[in-house]
1. Quick one: net charge of Glu157's neighbours, Cβ under 9 Å, K/R +1, D/E -1?
2. Return one whole number: the accessible area per residue of the stretch 613-744 in Å², for a 1.4 Å probe.
3. Using the Cα centre as the reference, give the magnitude of the dipole from point charges on the C-beta atoms of the stretch 645-778 (Lys, Arg: +1; Asp, Glu: -1; all else neutral), rounded to the nearest 20 debye.
4. Quick one: which residues, 5+ away or cross-chain, put their amide H under 5 Å from the amide H of Lys271? H built at 1.01 Å from N.
5. If a paramagnetic tag sat 7 Å from the Cα of Lys52 along the Cα-Cβ line, which residues of the stretch 302-317 would have the backbone N under 17 Å from that point?
6. So for the chain, what percent of the C-alpha to C-alpha distances run longer than 42 Å?
7. Which value, in Å² and to the nearest 10, is the accessible area of Leu181 when all protein chains are kept and the probe is 1.4 Å?
8. Plugging the Kirkwood radius over Cα pairs into Stokes-Einstein for the stretch 459-585, at a temperature of 10 °C and a viscosity of 1.306 mPa s, what D comes out in µm²/s?
Amino acid sequence: SVWQCPLIYIFGAIPSGRGKRGQDNQFALRTAMAANVKVATCNLNQWAMDFKGNRARVIESILEAKKEGCTFRTGPELEIPGYGCEDYFLEGDTFLHSWDSLAEILKSGVTTNILCDIGMPVMHRNVPYNCRVIVLNSKIIGIRPKFFLANDGNYREMRWFTPWWIDPSKPGFGDIEEYFLPVRIQEITGQTIVPLGIFAVSTLDTVISFETCEELFTPNAPHIQLSLDGVEIIANGSGSHHQLRKLDHRIDLVKSATQKAGGVYLYANHKGCDGGRLYFDGCAMIYVNGQCVAQGSQFDGLDEVEVIVATVNLSDVRAFRSSFIARSFQASSAPSVHREHVQFRLAGTAVHPLSLTPSPFMKPRIHDPMEEIAYGPSGWLWDYLRRSGMRGYFLPLSGGADSSSTATLVAIMCQRVVAELKEGTERSKKQVLADIRKITRMPDFTPKDWKELCSKLFVTCYMASQYSGQETRSRAEALANEIGAVHSSIFIDDICSTLKSTFVNVDIHSPWIEKSKIKTNPQMTGGTWMENVALQNIQARSRMVMAYFMSQLMPWATDGDNSRGGQLLVLGSANVDEALRGYYTKYDCSAADINPIGGINKRDLKSFLEWAGKNKGIEILQRVADAKPSAELTGAEGEQSDEVDMGMSYDELGDLGYCRKVEKCGPLSCFLKLRTRWAGRELTPSIRAKGDKAPKTHDEQVAQKVKDFYFYNAINRHKMTTLTPSYHAENYSPDDNRFDLRPFLQPASFDEQFAAIDKIVKEASTLPPPPVKKQRTA
């Protein structure tokens, strides 16, 4: 009976929100059965400029969606060329090859009976746009350009693309223009012109429209107007990278997109390292009326194609919206988005409607931050290694927290790879095994466990000096043995002595320099500060030279008579706080090919070591976490302390870095925030203001700490220009390449800024102290 499904009868099959209603009972019954629609989104592990591989993964995702009975599929942003092409987007060839890839997809026939939303760049009237190309039955329905571009933090989209212009003085989304297709596409589709602009696709049973990544994050997001205009399904192809503690924000945005306005929202993303510092963390998801019905993995698994499917009930969307009277009132006068009509039903005939059951609601999964550290960088390491063509990794392993964290990430990488061999999809097992054999140069090799794999692609070395302690040596050896790495050790004293003796014999040829006054025998103990630091830097830089030397020779040295060639990638292990403070030697062993922990702070690394020791079966890590950080350049662990040398604790550094980068504070604003935030906290002594000049009051101590931080950051800013490419994880990273852009020659005195702080300190001395608040950390 019709009366058993009155909402479906009233609200069913109105594609534009303004169409004709059914006129007989049979129509209502058909609508009742057709209310369930199966849709798909995906995580794809694309690689910038790998057109062949990217195309294959796009096709595979479409085929998998069709196999699941889906009639709509959306994919990540710029999935055909890869999101991270950067300045390759300035080359016309990138657009040409993207069209070539789309031509192959159209010719293959995979888009038959499935509406596909595909991301690629498009040039229109000599203007480059970041677009979605909507395809059905090997024909292009239209091209939808992105109009809010990501252009902050790590994103530089406006360097390569132009936002689509929409006149803000007029309602709606602007005019639709004609796009003349390339000749090759014309020959395949039989089309010459397709619409380009902001539009919705009106099928015979619903309306679909699109957002692209950043548009979801904007205050006036397109989905608001689209939902009010009757669009029932919105797809978002995204290129969103991992950052610690960020996923909940992304999930909240997707949830809120349908929580107030109702509807179905599909979110697609890249997953993996596509060739740069960023790791795209997947988590494709589908929401209905503010409830999650499907979620892909953020890190789990190493499959390059992950399709997420859900069955959604369109009647639920219509009932949700129509019963929200205030929403209906707004919708009744909402401007309309242009419709492209297609003779196609999302409730297709491949699967009988009665066999479809709406996907149940589920609680979205959000990883613990320690899991994020474990699985994000380890996935990045695997992608980088397998795509680089190298034999493995080499790490100077000191036994300290930083290098031990890096070693642990390689171990977790090996654990995940072997787990994928046993538990992954057949496609993934095949790919992973091929990658293992390519890396190891062993065509018949299959690792029996993760430690055996680690022994084939990971070499560590304890680079000792006269100042190294037995405790760090023993920890380094124990860790390497626990994870199965090939471990070695060397002494760098001979190298340092040779460099020093070379300087002793320096000959000065300038006649105005008195040779009798030349000093050529620097001393670590009893000498000046300059002598001490120069001799420390010799140790650090000799380790870098030996790391690269050994990375090239260790495969040859350990292969025996059956050398398989190749060399190792050198891993760095400097954390984000040390980089921010400049507490490292330029071109020391922090200088490497890549650094998986360069975007992670010291506090998180210590917690990660404790977590990994308990959860990954590497018992020595607790011992490492308990040790006090030391560079061991002037004395063994316990005799030299990082925090004493820096004149600030890692906790203080984290707060200072957060204020500077995330809260956009200069020295004065930073002081004003921290004088309250640090109320009641005991601060570490300054190394610049000592004795009679040492600060006494709380405000004076905070002021000096802020001055010290900005001073050292300024004088060491030149080091940031040579930072090893690091995994981006922290939102206050000083990465000079693209994330934190500042001059590397700065006036370190900050005369005006520091004078303003002093004035506030003086004024505050006449006032009662600020109230003590609960401490907040970055």
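1. Working: positive: Lys146, Arg156, Arg159; negative: Glu214.
Taking every Cβ under 9 Å from that of Glu157, the sum is +2.
2. Details: 5520 Å² over 132 residues.
Heavy-atom accessible area per residue stands at 42 Å².
3. Working: 22 positive and 18 negative charges, 49 e Å.
Here the size comes out at about 240 debye.
4. For Lys271, the qualifying residues are Leu44, Asn45, Gln46, Gly282.
5. none
6. Within the chain, distances greater than 42 Å cover 40 percent of Cα pairs.
7. Solvent-accessible area, nearest 10 Å²: 10 Å².
8. Working: Rh = 17.6 Å.
The diffusion coefficient I find is 90 µm²/s.
The values are calculated or read from the model by the stated rules, or taken from the named source; none is laboratory data. Owing to the predicted nature of the structure, the values given are computational and were not obtained by experimental measurement. Neighbour counts run over all protein chains shown; Cβ positions are idealised from the backbone, glycine included. Accessible surface is based on the protein model in full, side chains and every heavy atom, while ligands, DNA and RNA are left aside. Shrake-Rupley method; radii C 1.70, N 1.55, O 1.52, S 1.80 Å.
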